[in-house]
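Below: the structure, in structure tokens.
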Amino acid sequence: MADKEQYYPNIYDHGYTYSRMENLTYVPHVHMGVECVCVLTGGLQVTIDGKNYNLREGDISMVMPYHRHSYYTRQMSDVIAFATLSDDPLMQNPYFSGKYELATPVFRNGKYSRSVNILLNLLLDDQTRASNATTHVGLLQAVMGYLFDVNPPQPVAPEQLSPENEVMLYLHDNMYKPITLSQAAEDLHMSQFRLSRICNQEIGIGFNAYLKCMRVAAAKRRLAFTDMSMAEIAEGTGFESLRTFNRAFSEETSTTPRAYRACHKDKTSLNFHPQDEDD
């Protein structure tokens, strides 16, 4: 897997990340790790393996490793999202190996333990945000544990990734590089024509447009979570130049990177700063 800090600038040493986000929308993608989204207010649609689920307040979605998923907010959504992305000992769990599935990836409000709500509120608490990594990991593990109580993961036989999922996983792990269609096709051992066709027909968006969308999304996280300069963000998210970055960002969001940062720095993320374990 590529350097996770390329995608999650607020990721911590033990391979987990969580943040509070408004109006979550994201193109279809595939990655390792487990990803959860809990709706605090509003609603959104999550699509997992081609099936749509409408999430309302209190609903939680959980995507297991290597499953295609996307998010779309029609009007308004305020969510807390978290992901476990590491094989660090603190995060090790056999359920995260890709060899387990859920009967349903959605947990409806009121159908899981009220302890989940208590734990989520703790994650949103200022004191917890300043706590150490063990506290954060423990709370995230406990949330998933309570969810697994009502929807236990079931073992499944490993399956080979479909061509489109293989493409999405590859692009997810390499989008920060200045990659081209020809280079991607070579790395994936397929023709440029086939790769282009998979992007357009199976994923639903052209190769270059898909990369641009993912890179802008990664840039949004940097703008909200870090104090990196615009040049550093442009380079770190795979754009050829600051000018290319500014143009692509404006095309995708109808605003400038600086304006986006000014509006979302304190709203999109909780900007967690846990203490070092040695403190």
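Each reported figure results from applying straightforward, stated rules to the coordinates on display, with no laboratory input. Worth saying up front: this structure is predicted, and the values here are computed from it rather than measured. Ideal geometry is used to build each Cβ from the backbone, glycine not excepted, and the neighbour counts take in all protein chains shown.
Treating r as the C-beta distance of THR41 and ARG114 and R0 as 25 Å, the FRET efficiency rounds to 0.85.
Packing, taken as the mean count of other beta carbons within 10 Å per residue, orders the peptides 217-223, 105-111 from highest to lowest as 217-223, 105-111. Consider a paramagnetic label point 7 Å from the Cα of GLN75 along Cα→Cβ; state which residues of the range 43-60 have an amide N under 16 Å from it. Only 43-45, 54-58 pass the distance filter.
Taking 0.36 nm per residue of separation and subtracting the Cα-Cα distance, full extension of the segment from THR253 to LYS177 would add 25.2 nm. All Cα-Cα separations within the chain were binned at 5 Å from zero, giving a P(r) of 1, 5, 12, 16, 19, 19, 14, 9, 4, 1, 0, each value a whole percent of the pairs. Remark: spin-label model distance LYS99-ASN23 equals 4.4 nm, labels positioned 7 Å along the Cα→Cβ axis. Among complete DSSP H helices in the chain, those whose alpha-carbon atoms stretch at least 20 Å along the helix's long axis and whose mean Kyte-Doolittle hydropathy reaches -1.0 are 133-150, 207-225. Counted residue by residue at 0.36 nm each, then reduced by the alpha carbon distance between them, the extension gain from ASN151 to ASN208 reaches 16.7 nm. Note on CYS263/ARG56: beta-carbon distance plugged into 1/(1 + (r/R0)^6) with R0 of 30 Å gives a FRET efficiency of 0.70. Inter-label distance, GLU240 to GLU159: 3.9 nm, where each label sits 7 Å from its Cα along the C-beta direction. Note that the range 18-75 carries a Kirkwood radius of 11.5 Å, evaluated over its alpha carbons pair by pair. Rounded to 0.05, the FRET efficiency of the GLN201 and ASP125 pair, given R0 = 35 Å and the Cβ-Cβ distance, is 0.15. Taking every alpha-carbon pair under 8 Å whose residues sit at least 6 apart, the range 60-217 reaches a relative contact order of 23 percent.
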